[in-house]
Amino acid sequence: MPNAMPNTTPAAADASALLRRVPIDYLPLLILPLLALLALPLVGSFPTWVTLTIAGLAMGMMIFIMASGLTLIFGLMDVLNFGHGAFVSIGAFTATLVLLPMKDWVQADSLLLNLLALGLAVLLAMTVTGLLGWAFERIIIRPVYGLHLKQILITMGGMIVAEQMIHVIWGVEQIPLPMPETFRGVLIVGDAAVEKYRLIAVGIGLAVFAIMFLVLNRTKIGLLIRAGVENGEMVEALGYRIRRLFVGVFIAGSALAGLGGVLWGLYKETLTAAIGSETTVLVFIVIIIGGLGSVGGCFIGALLVALVTNYAGFLAPKVALVSNILLMVAILLWRPQGLYSVAKR
Amino acid sequence: MSEALLTLKGVHTHIGQYHILQGIDLVVPKNGLMVLLGRNGAGKTTTLRTIMGLWHASQGTVNFAGRDITHSATPDISCAGIAYVPENMGIFADLTVRENLFLAARNVKKAGEMDTARLEWIFGFFPALRKFWGQPAGTLSGGQKQMLAIARAIVEPRKLLLVDEPTKGLAPAIVRSLIDAFLELKTTETTILLVEQNFNFVKSLGDSVAVIDDGRMVHTGTMAELSGDMDLQQKLLGLALEHQY
Ligand SMILES: Nc1ncnc2c1ncn2[C@@H]1O[C@H](COP(=O)(O)OP(=O)(O)OP(=O)(O)O)[C@@H](O)[C@H]1O
Ligand SMILES: [Mg+2]
């Protein structure tokens, strides 16, 4: 068939399109450095500013890891999952099953043993939350596809059940999640004190972002997910099952929430079952700021929220509580769909 | 006429509480190009969406290549060999031209493994796609998006193409290049069901024609018969038809 090479005249009026090269929208990327620069004179002391900024970035990375799956879950199937925080809690608590018995490795002054223990804890937490995510999607989400009100109610119900299950298994008291020995302490950079663990959190966050970026841009599955967020019907018309993609995204998103829970729990060093529901508000603010369905927007949104929280906490502790809401309002006034809006249907 | 590739028998489609298609009978013969005409709101898009499984018939049957697809899911219908170019083109704006075509090439695992001979064939009538290969499809012009939407449908051979009003809002020069593309497609073994309102566009392309009105089939026949009979055109298509370009 494709052997005939016809000499059809090319359509005219293509030239103007050459001039129209504005593929990447950089503006949201500029807000972060702008915010940091703006905060510098307000904070006054450079070392304090460095400490605050790195603390903000670390917190932002952890929130990003928790939120990244949720934004795709909404983007792909319009599913409002208020139970996402349950996977954060379960991930953190599951990690105690490894880190508490492996006290020797955790307390050893050996980076290798520490990493091994943490690696095992993360692996178990992500496996458990991934599997639970799969079950959650089948049992709780599937019957309410397309029904937003029911989704909100039933996923919130799932969240409550999960918290109670944690109480049943681990008791109602808060329990410790010990930080590996070599991750403790501070590095002195110039005059600024930077907690080592925060640098590790930044590193892990960047790695997760890089992996997601590669998957979403370089693999067929990733491209299908992005295409599905934009126009799920067309993805189906091209012959792919969007629900199968969605299940995969749901499992991965739940496992990432579990990872976020481990990192967050280590950071706080003590766990209560409410750790997930505490982060839920932040996570929702982040995905709304970022633009529902956009992983890049979620990343910038998470860093923004965390930086604003840290700067505001230092500059005006009274405002800190509402700073995120103010940030969200400001962003939505500028871009009502969030930083990066994904064109829908 | 040759054997039927697609057969709709007494198809009724409801959208919510609305009864849109009210008993559609349609036989699309294998090979060749059939035009589906009808005024705004007649039910043309609904017919294509029902074939594609995006709406499901509440009554009647849809048969494709000897298979009952009335209740099949959209991905299965697509895999059975039907490609769909929707009215809004369904372009993935965030993805590049290349990535759009890569996803449409269902059997290809890596973008670099697309059939280059076939791509060259497509570039032959849609040269703009080569030019904007690496650009996000959202930055293309309306005509170029339409070309991409059609290219996606033919990047791998399919038995049947459903194309919904490809000339909508396009400049005459682009419409002419679409005509060339369809003429080229007609030389392949693909069957085409083309929805149009622009009668002049399809007059030279169609082999057979069906006219739909108010959710019912009001005429089927050959294109030669309809284009030669002004009275019939007037009766079936009235003034609703745009005699543009
Ligand atoms: N999602 C929907 N909900 C309710 N009614 C709908 C929906 N989609 C289409 N309709 C109605 O179904 C009827 C047929 O619509 P359809 O889109 O099939 O017409 P069409 O022949 O493709 O028209 P056009 O030439 O304007 O594209 C119209 O009256 C329309 O209002
Ligand atoms: Mg239509």
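From the Cα gyration tensor of the range A:23-119, with a ≥ b ≥ c the square roots of its eigenvalues, which class applies: rounded if a/c is under 1.5, or else prolate if a/b is larger than b/c, or else oblate? All intermediate terms of the calculation are to be shown ahead of the outcome.
Numbers: a/c = 2.75, a/b = 1.22, b/c = 2.25.
Cα axes put the range A:23-119 in the oblate bin.
Treating only the Cβ atoms of Lys and Arg (+1) and Asp and Glu (-1) as charged, compute the dipole magnitude of the protein assembly as shown about its Cα centre; round to the nearest 20 debye. Mind dumping the intermediate values first?
Values: 43 positive and 40 negative charges, 53 e Å.
In debye, rounded to 20, the protein assembly as shown gives about 260.
Which value results when the Cα radius of gyration for the range B:89-157 is divided by 2.2 N^0.38 Å? If you can, show how the numbers build up before the last one.
Details: Rg = 10.6 Å, N = 69, 2.2 N^0.38 = 11.0 Å.
It is 0.96.
Please list 3J(HN,Hα) in residue order for the range A:210-217, calculated via the Karplus relation 6.51 cos²θ - 1.76 cosθ + 1.60 where θ = phi - 60°; whole Hz, with x for glycine and proline.
4, 5, 4, 4, 5, 4, 6, 10
For A:TRP49, what accessible area in Å² do you get when you roll a 1.4 Å probe over the heavy atoms of the protein chains, rounding to the nearest 10?
The value for A:TRP49 is about 40 Å².
Considering only C-alpha atoms, what is the centroid distance from the range B:41-94 to the range A:301-329, in Å?
49 Å
Label-point separation (nm) for A:VAL319 and B:CYS79, each offset 7 Å from Cα along Cα-to-Cβ?
Computed distance between label sites A:VAL319 and B:CYS79 equals 5.7 nm.
Whose amide H sits under 5 Å from the amide H of A:VAL189, counting only residues 5 or more places off or on another chain, with H placed in the peptide plane?
Amide H neighbours of A:VAL189, under 5 Å, 5+ apart: A:VAL194.
Can you tell me the 0 to 90 degree angle between the C-alpha axis of helix A:220-237 and the longest principal axis of chain A, rounded to 10?
Rounded to the nearest ten degrees, it is 50.
In the full protein assembly as shown, how much of B:ASP231 is accessible to a 1.4 Å probe, in Å² to the nearest 10?
B:ASP231 has an accessible surface of roughly 120 Å² with all protein chains in place.
Once you order the gyration tensor axes a ≥ b ≥ c over the Cα atoms, which shape class does the range A:184-296 get: rounded for a/c under 1.5, otherwise prolate or oblate by comparing a/b with b/c? List each step's numbers first, then the result.
Details: a/c = 2.74, a/b = 1.97, b/c = 1.39.
It is prolate, given that a/c is not under 1.5 and a/b is the larger ratio.
Within the range A:263-296, name every residue whose backbone N is under 16 Å away from a label modeled 7 Å from Cα of A:ILE160 along the Cβ vector.
It comes to A:274, A:277-278, nothing else.
If you rank A:TYR340, B:TYR18 by how much accessible surface each has, with a 1.4 Å probe, what is the order from largest down? If you can, show how the numbers build up before the last one.
Working: A:TYR340 55, B:TYR18 145 Å².
I get B:TYR18, A:TYR340, largest accessible area first.
Enumerate the amide H contacts of B:MET217 below 5 Å, restricted to partners 5 or more residues apart or on another chain; note that Pro and chain-start residues carry no placed amide H.
It is B:ASP25, by chain and number.
At 10 °C and 1.306 mPa s, grab the translational diffusion coefficient of chain A from Stokes-Einstein with a Kirkwood Rh over Cα pairs, rounded to a whole number in µm² per second. Mind showing how you got there, number by number?
Values: Rh = 21.5 Å.
The estimated diffusion coefficient comes to 74 µm²/s.
Grab the Cα-Cα distance for B:LYS110 and B:ASP214, subtract it from 0.36 nm times how many residues apart they are, and report the gain in nm with one decimal. If you can, show how the numbers build up before the last one.
Working: separation 104, 0.36 × 104 = 37.44 nm, distance 4.50 nm.
My answer for the length gained is 32.9 nm.
log₁₀ I(q)/I(0) of chain B at q = 0.11, 0.13 Å⁻¹, via Debye over equal Cα point scatterers, no solvent, to two decimals?
Once normalised to I(0) and log-transformed, intensities are -0.56, -0.79.
For the range A:304-318, just list the computed ³J(HN,Hα) in residue order, Karplus coefficients 6.51, -1.76 and 1.60, θ = phi - 60°, integers in Hz, with x standing in for Gly and Pro.
4, 4, 5, 5, 4, 4, 5, 4, 5, x, 7, 7, 8, x, 5
Classify the range A:145-192: rounded, prolate or oblate, from the alpha-carbon gyration tensor (a ≥ b ≥ c, eigenvalue square roots; a/c under 1.5 rounded; otherwise prolate if a/b is larger than b/c)?
Values: a/c = 5.22, a/b = 1.94, b/c = 2.69.
Oblate, because a/c is 1.5 or more while a/b does not exceed b/c.
Taking 8 Å as the Cα distance limit and 6 or more residues as the minimum spacing, I'd like the relative contact order of the range B:89-157 as a percentage.
Details: 75 pairs, mean separation 36.1, N = 69.
Computed value for the range B:89-157: 52 percent relative contact order.
In the protein assembly as shown, with Lys and Arg counted as +1 and Asp and Glu as -1 at Cβ, which of these residues, A:VAL229, B:LEU226, B:PRO166, has the Cα nearest the positive end of the dipole, that is, farthest along it?
Of the options given, the answer is A:VAL229.
Which links in A:LYS103/A:LYS196; B:LYS110/B:LYS131; B:LYS131/B:LYS203; B:LYS44/B:LYS186; A:LYS220/B:LYS9; B:LYS30/B:LYS168 stretch past 29 Å when you go from one Cα to the other? Display every interim value, and only then the final one.
Numbers: A:LYS103/A:LYS196 20 Å; B:LYS110/B:LYS131 21 Å; B:LYS131/B:LYS203 31 Å; B:LYS44/B:LYS186 22 Å; A:LYS220/B:LYS9 38 Å; B:LYS30/B:LYS168 26 Å.
Pairs exceeding the cut-off: B:LYS131/B:LYS203; A:LYS220/B:LYS9.
Given a 1.4 Å probe, how much area per residue of chain A is accessible, in Å²?
Ligands and nucleic acids excluded, the figure is 46 Å² per residue.
Where in the range A:68-106 does the label zone of A:TYR145 land, with the point 7 angstrom along Cα→C-beta and an amide N cut-off under 18 Å?
A:72-81
Between B:GLU120 and B:MET230, what FRET efficiency comes out of the Förster formula 1/(1 + (r/R0)^6) with R0 = 25 Å and r the beta carbon distance, rounded to 0.05? Please list the in-between numbers first.
On the way: r = 42 Å, r/R0 = 1.69.
It comes out at approximately 0.05.
To the nearest 20 debye, what is the magnitude of the charge dipole of chain B about its Cα centre, counting +1 on the Cβ of each Lys and Arg and -1 on the Cβ of each Asp and Glu? Kindly include the intermediate steps, with their values, before the conclusion.
Numbers: 23 positive and 24 negative charges, 106 e Å.
Once rounded to the nearest 20, the dipole reads 520 debye.
Can you bin every Cα-Cα distance in the protein assembly as shown into 20 Å intervals starting at zero and give me the percent of pairs per bin, rounded to whole numbers?
19, 43, 27, 11, 1
Which FRET efficiency, nearest 0.05, do B:SER58 and A:LEU153 yield, Cβ-Cβ r, R0 30 Å? Let's see the in-between values first.
Working: r = 30 Å, r/R0 = 1.01.
E between B:SER58 and A:LEU153, to the nearest 0.05, is 0.50.
Would you work out which of A:GLY293, A:GLY239, A:ALA36 lies farthest towards the positive end of the dipole of chain A? Charges go on Cβ: Lys and Arg +1, Asp and Glu -1.
Selected residue: A:GLY239.
Quick one: with all protein chains in place, what share of the accessible area of the protein assembly as shown is carbon or sulfur, to the nearest percent (1.4 Å probe)? It would help to have the intermediate numbers written out before the result.
Numbers: 16030 of 25200 Å².
For the protein assembly as shown, the apolar C and S fraction of the accessible surface comes to 64 percent.
Can you sort A:ARG226, A:ARG243, B:ARG118 by 1.4 Å-probe accessible area, starting with the largest? The partial results should precede the final answer.
Values: A:ARG226 45, A:ARG243 120, B:ARG118 10 Å².
My answer, sorted largest first, is A:ARG243, A:ARG226, B:ARG118.
Between B:ASN40 and B:HIS71, what is the label-point separation in nm under the 7 Å Cα-to-beta-carbon projection?
Label at B:HIS71, label at B:ASN40, 3.8 nm between them.
Could you name the lysines whose alpha carbon sits less than 29 Å from that of A:LYS150, not counting residues in the same chain fewer than 8 places away?
A:LYS344
Could I have the simple spin-label model distance between A:THR48 and A:ASN217, label points 7 Å from Cα toward Cβ, reported in nm to one decimal?
Between A:THR48 and A:ASN217, the label points sit 3.8 nm apart.
Using the heavy atoms of the protein chains and a 1.4 angstrom probe, tell me the accessible area per residue for the range B:89-157 in square angstrom.
Counting only protein heavy atoms, the per-residue value for the range B:89-157 is 31 Å².
Can you give the accessible area of A:GLU269 in Å² (nearest 10), computed on protein heavy atoms with a 1.4 Å probe?
Looks like 60 Å² after rounding.
In percent, what relative contact order does the range A:23-155 have, based on Cα pairs under 8 Å that are 6 or more apart in sequence?
On the way: 74 pairs, mean separation 30.5, N = 133.
Relative contact order comes out at 23 percent.
Would you mind pulling out the separation of the Cα centroids of the range A:226-297 and the range A:44-77, in Å?
Each part's Cα centre sits 14 Å from the other's.
Taking amide hydrogens as modeled 1.01 Å from N in the peptide plane, which residues meet the under 5 Å criterion relative to B:TRP55, leaving out close sequence neighbours?
Distant-sequence amide H within range of B:TRP55: B:THR50.
Using only Cα atoms, find the angle between the long axis of helix A:27-43 and the longest principal axis of chain A, and express it within 0 to 90 degrees, rounded to the nearest 10.
30 degrees
Where nothing but the Cβ of Lys and Arg (+1) and of Asp and Glu (-1) is charged, how large is the charge dipole of chain A around its Cα centre, in debye to the nearest 20?
Values: 20 positive and 16 negative charges, 159 e Å.
That gives a dipole near 760 debye.
Straight distance only, please: which aspartates and glutamates reach the Cα of B:LYS109 with their own Cα at less than 15 Å, same-chain residues fewer than 8 apart left out?
Cross-link targets: B:GLU99, B:GLU156.
Rounded to the nearest 100 Å², what is the buried accessible area between B and A, both sides summed, probe 1.4 Å?
On the way: alone 11220 and 17610 Å², together 25200 Å².
Chain pair B/A: roughly 3600 Å² of buried accessible area.
Give a residue-ordered list of calculated ³J(HN,Hα) values for the range A:128-144 (Karplus: 6.51 cos²θ - 1.76 cosθ + 1.60, θ = phi - 60°; whole Hz; x for Gly, Pro).
Coupling constants for the range A:128-144: 5, 5, x, 5, 4, x, 4, 5, 4, 5, 5, 8, 9, 7, 4, x, 10 Hz.
Defining a contact as two alpha carbons under 8 Å apart and six or more residues distant in sequence, what relative contact order in percent does chain A show? All intermediate terms of the calculation are to be shown ahead of the outcome.
Working: 521 pairs, mean separation 110.1, N = 345.
Taking the mean separation of contacting Cα pairs over the length of chain A, I get 32 percent.
The values are calculated or read from the model by the stated rules, or taken from the named source; none is laboratory data. Quick caveat, the model's predicted, so the values are computed rather than measured. With ideal geometry, Cβ positions are generated from the backbone for all residues, glycine too; neighbour counts draw on all protein chains shown. For accessibility, only protein heavy atoms count, side chains too; no ligands or nucleic acids. Shrake-Rupley method; radii C 1.70, N 1.55, O 1.52, S 1.80 Å.
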